[in-house]
Amino acid sequence: MSDAPIAIFDSGVGGLTVMAAIAKRLPQERLVYLGDTARLPYGTKSAETVTRYAVQATRALMRFEPKMIVVACNTVSAVALPVLAAAYAPIPVVGVVEPGARAAVAASRSGAIAVIGTEGTVRGGAYVRAIHALKPDAQIIQRACPLFVALAEEGWTTGPVPELAAERYLKDVFAGDRHPDTLVLGCTHFPVLVAPIAKAAGARVTLVDSAETTALEVEHLLDERSLRRRASAAAPVFLGTDAPERFARVGSLFLGSPIAPAQVELVDLAP
């Protein structure tokens with residue numbers, strides 16, 4: 001069982017930031033990544049649709065007989081994690097919301113925390129619940145930033161357009177002296193936009209990316225269940241539901257290393 005892969009999925013290529021963090025911390029593990037690029041973004045869709053898509057994606061990954069499922073999508077983590085955990089028990093299912101919440105509480109000095117994400121993540125309130133479970137008196141401001149997903153998927157991460165979008169979304173959140181001191185990047189697409197987001201938030205604000213904290217959670221669970229792989233590193237597997245060339249081009253930006261189009265297997269998630 002320890003030689004089985006870790007399966008990771010997201011609505012697109014944003015979750016490759018989580019995959020990169022896991023690969024850095026656990027370089028010997030076999031990793032399989034699925035990006036549902038044909039149906040992104042998930043963040044504008046209903047909870048019922050997101051749950052259906054998440055079940056279909058996980059079902060497609062089960063042919064690899066994974067030892068763990070990592071939901072590298074904040075929207076799915078916010079609305080469908082309990083469904084997946086129940087459906088695929090005893091395989092552990094790890095989301096990104098709770099690790100991100102823990103990191104935010106640890107980083108905040110004042111307890112004033114801002115969360116940015118997709119419409120679905122913000123509407124579901126998962127970060128609010130997770131942060132309040134750890135720090136009941138935390139003051140939380142949420143802001144949906146749907147345009148960031150499109151900019152990230154286009155690879156449009158620097159320059160005046162993302163800077164103007166970040167300023168428009170965040171200006172009032174960080175106005176005045178009593179603004180949040182911590183900002184949670186509540187979408188796996190957002191880390192590639194860290195420069196314009198940080199500029200809009202201001203130098204005194206700590207940005208929290210849940211990718212590294214999620215990788216720590218994965219490592220902890222592998223050790224707890226004696227599932228860590230001891231063999232040498234294995235090549236990752238990439239699956240996409242549309243446009244392998246685009247997956248490879250934009251995905252390379254998120255992963256931090258090149259992906260060749262030939263490495264991306266096209267899959268159909270239709271039931």
Check: For Asp172, all conditions in the list (1) in contact with a strand residue (DSSP E or B) (Cβ under 8 Å, 6 or more places away or on another chain); (2) more than 25 Å from Ser252 (Cβ to Cβ); (3) part of a loop (DSSP other than H, G, I, E, B); (4) of a type outside the set (A, V, I, L, M) hold save one; what is the number of the exception?
Finding: (1)
Next item on the list: Could you grab me the full set of residues in the range 68-101 that are out of contact with any helix residue (DSSP H, G or I) (no Cβ under 6 Å at 6 or more places or on another chain), in a helix (DSSP H, G or I) and either free of Cβ contacts under 8 Å to residues at least 12 places away in the same chain or not assigned by TED's automatic domain parsing to the domain that holds Ser226 (or both)?
Entry: Pro82, Ala85, Ala86
Next item on the list: Could you identify the single residue in Gly256, Gly240, Gly251 that is closer than 21 Å to Gly186 by Cβ and crowded, with 20+ Cβ neighbours inside 10 Å?
Entry: Gly251
Checklist line | Search result, residues across the range 168-192 that are of a type outside the set (Gly, Ala, Ser) and farther than 27 Å from Glu98 by Cα | finding: Arg168, Asp177
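Rundown of residues vs (1) polar (S, T, N, Q); (2) modelled with pLDDT under 95; (3) more than 20 Å from Val94 (Cα to Cα); (4) outside the structural domain of Ser11 (by TED's automatic domain parsing), yes/no style:
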position	(1), (2), (3), (4)
Ile113	no, no, yes, yes
Ala130	no, no, no, yes
Leu134	no, no, no, yes
Tyr169	no, no, yes, yes
His179	no, yes, yes, yes
Thr182	yes, no, yes, yes
Phe190	no, yes, no, yes
Check: Do you know which residues across the range 191-205 are buried (at least 18 other Cβ atoms within 10 Å of the Cβ) and either under 19 Å from the mean Cα position of the chain (by Cα) or assigned to a helix (DSSP H, G or I) (or both)?
Finding: Pro191, Val192, Leu193, Pro196, Ile197, Ala200, Ala201
Next item on the list: For the range 222-236, state whether one or more residues are without any contact (Cβ under 8 Å) to a residue 60 or more places away in the chain and part of a loop (DSSP other than H, G, I, E, B).
Entry: yes
Note to self: Could you check the range 1-60 and list, in sequence order, the residues that are part of a loop (DSSP other than H, G, I, E, B), hydrophobic (A, V, I, L, M, F, W, C) and out of contact with any Asp or Glu (no Cβ under 8 Å at 6 or more places or on another chain)?
What the structure shows: Met1
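The values are calculated or read from the model by the stated rules, or taken from the named source; none is laboratory data. From a predicted model like this one, the values you see are computed outputs, not experimental measurements. Cβ sites come from the backbone with ideal geometry, for glycine too, and all protein chains shown count toward neighbours.
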